[in-house]
Amino acid sequence: MNPELLQNADIFRARVLDWYHQFGRKDLPWQQNVNPYRVWISEIMLQQTQVSTVIPYFERFMARFPSVQALADSPVDDVLQHWSGLGYYARARNLHKAACVVDEVFAGEFPRNVDTLTTLPGIGRSTAGAIASISMGIAAPILDGNVKRVLARLHAIEGWPGDKKVADRLWQIAEGYSMAEQNRADTREYTQAMMDLGATLCTRSKPACTVCPLVDGCKAVAEGNPTAYPHSKPKKDKPVKATWMLMLQHKGELLLYRRPDQGIWGGLWSFPEFGSEDALQQHLALQGLKPRQQTSLEPFRHTFSHYHLDIHPIHITLSRKLPSVMEGLDQVWYNESQIEQLGLAAPIKKLIQILHHANPVKQ
DNA sequence: AACCCGGGGCG
DNA sequence: CGCCCAGGGTT
């Protein structure tokens, strides 16, 4: 462990810059003829799309809109057309809006400080930092996804970066490293180096720690699990619901009803459901049914995107068919030959198969 | 099929 | 302020 790497910004920057000079990418289109306009456009494109896809878009965009004035002077539909295929069209609209603001409010010159840059539509703190540091030599930190990952691992920052407290901590660290004494070339290269490090070495799932210039200072590596950082979004624990499913069998047939179009498994065929075992038993009593044979199958959990459903299947064998079980809904006595014909939710299909397996139907 | 992304918009 | 969304790529 090398604590100086974490505490001394000069040592940290020297390591990062040295790596960048040896291995970093320096020939990307937006790294040529660097100016605020080109950096801005590239940053917005790179927020949503990977480098290899962005390159041709960037070239076409620059050929058509070579300057912020050219962009401001063009109809927004023209801008959207050159954005077509990238998605996130609100960003293209913001691009055009911001170009107009730069043209009209700032006399065609990008503001030379982060706070004013941030007032432009579509430019937040990170994009402003990238424009300021890369194209203006201003010592501003950035915190895009790549840098977030590098810093969260290096310092083993607990928590999800979407949480404000965690983001604030990461910004604080980024600021600490970016503020060290430096010259203008350093500032540009340092920012590019940090993004490159995150994009090419400190990747989300397979970080190349063995060749990382920061490995000896990396707390996540010291803990033995760099990919644990940054912590992922806490999946809000899903509520657990329970249902009791009535599997009525008569000879080789099972009673299914068609679910309403709205709600889960809309329009699919399913077993009658009840909110509790008591409700199920009460229903049976109302139907004048006193089952001789009743089996509770092993309850199991089915998980939806937004909740868990604990399914308690209750199997009952009848000696005669009931006329109607679920008031007002289509029902059908189902046998195995219909397996392809009816739309069944996955757990229902599973349940039917379990039953057939346990009690092979004697036809 | 879940996760990810910088910034905007909403309650 | 916190929460959700966009929209397609990666894993």
Checklist entry - Within the stretch A:251-283, how many residues are open to solvent by 30 Å² or more (accessible area, probe 1.4 Å) and part of a strand (DSSP E or B)? => result 4
Item to check | Failed criterion for A:I142 (all others in (1) within 14 Å of DNA strand B (Cβ to nearest atom); (2) under 19 Å from A:A220 (Cα atoms); (3) open to solvent by less than 40 Å² (accessible area, probe 1.4 Å) hold) | outcome: (2)
Checklist entry - Looking at the stretch A:78-91, which of its residues are out of contact with any Gly (no Cβ under 9 Å at 6 or more places or on another chain) and surrounded by 12 or more Cβ atoms within 10 Å (Cβ to Cβ)? => result A:D78, A:V79, A:L80, A:Q81, A:H82, A:W83, A:L86, A:Y88, A:Y89
Next on the checklist: For the stretch A:202-225, which positions are part of a helix (DSSP H, G or I) and either away from DNA strand C (no atom under 16 Å from the Cβ) or under 19 Å from A:G162 (Cα atoms) (or both)?
Outcome noted: A:T210, A:V211, A:V215, A:D216, A:G217, A:K219, A:A220, A:V221, A:A222, A:E223
Checklist entry - Scanning the stretch A:156-167 for residues that are within 12 Å of DNA strand B (Cβ to nearest atom) and in a helix (DSSP H, G or I), which turns out most open to solvent (accessible area, probe 1.4 Å)? => result A:K164
Checklist entry - Quick one: would you say A:R188 is within 16 Å of DNA strand C (Cβ to nearest atom), in contact (Cβ under 8 Å) with a residue 24 or more places away in the chain, part of a helix (DSSP H, G or I) and open to solvent by 20 Å² or more (accessible area, probe 1.4 Å)? => result no
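The values are calculated or read from the model by the stated rules, or taken from the named source; none is laboratory data. Keep in mind the model is a prediction, meaning the values are calculated, not measured. Heads up, the Cβs are rebuilt from the backbone with ideal geometry, glycines too, and the neighbour counts pull from every protein chain shown. What goes into the accessible areas is simple: the full protein's heavy atoms, side chains included, and nothing from ligands, DNA or RNA. Shrake-Rupley method; radii C 1.70, N 1.55, O 1.52, S 1.80 Å.
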